[in-house]
Amino acid sequence: MSKIDFVDSSGLGALVQLVRHTQQYEGTLQIVSNPRVTQTVKLVRLEKFLSLQSSLDKALENVKSNEKAKE
């Protein structure tokens, strides 16, 4: 998502379904996003549900801490 300039309701709906599918299998999904997409996601108040991260490093760090918390 970091290279996408625009996301509409269809794109947001697809992301929500992807997160739900991932949660169904007890996984986590980290989405690396740019400020423009993040702003759109925040407008519809989905930023926490979609686990937006500003960089790949932060996303990987978040995945690692989630794995440690499960242990």
The range 8-19: number of residues that are loosely packed, with under 15 Cβ neighbours inside 10 Å and either touching an Asp or Glu at 6+ places or on another chain (Cβ under 7 Å) or closer than 23 Å to residue 64 by Cβ (or both) = 1
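Please verify whether residue 46 is outside any helix (DSSP H, G or I) and either without any contact (Cβ under 8 Å) to a residue 12 or more places away in the chain or surrounded by 13 or more Cβ atoms within 10 Å (Cβ to Cβ) (or both), treating the condition exactly as stated.
Yes, satisfied.
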message = Considering only residues that are in contact (Cβ under 8 Å) with a residue 24 or more places away in the chain, part of a helix (DSSP H, G or I) and over 13 Å from residue 2 (Cα atoms), which ones fall in the range 19-39?
response = 19
remark   = Filtering the range 51-71 down to residues that are closer than 20 Å to residue 7 by Cα and either in contact with a helix residue (DSSP H, G or I) (Cβ under 6 Å, 6 or more places away or on another chain) or surrounded by fewer than 16 Cβ atoms within 10 Å (Cβ to Cβ) (or both) yields 52, 53, 54, 55, 56
query = So which pairs qualify, if the first residue must be in the range 55-71 and farther than 19 Å from residue 35 by Cβ, the second must be modelled with pLDDT under 85 and part of a helix (DSSP H, G or I), the Cβ gap must be under 8 Å, and the two must be at least 6 apart or on different chains?
reply = none
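Taking the range 1-18 on its own, how many of its residues are assigned to a helix (DSSP H, G or I) and either of a type in the set (A, V, I, L, M) or in contact with a Lys or Arg (Cβ under 7 Å, 6 or more places away or on another chain) (or both)?
Of all residues in the range 1-18, those assigned to a helix (DSSP H, G or I) come to 9-18.
Next cut, either of a type in the set (A, V, I, L, M) or in contact with a Lys or Arg (Cβ under 7 Å, 6 or more places away or on another chain) (or both) only: 12, 14-16, 18.
So the answer is 5.
The values are calculated or read from the model by the stated rules, or taken from the named source; none is laboratory data. All figures in this text were calculated on a predicted structure; none of them were measured in a lab. Because the Cβ atoms are built from the backbone with ideal geometry, glycine has one as well, and the counts that use them run over all protein chains shown.
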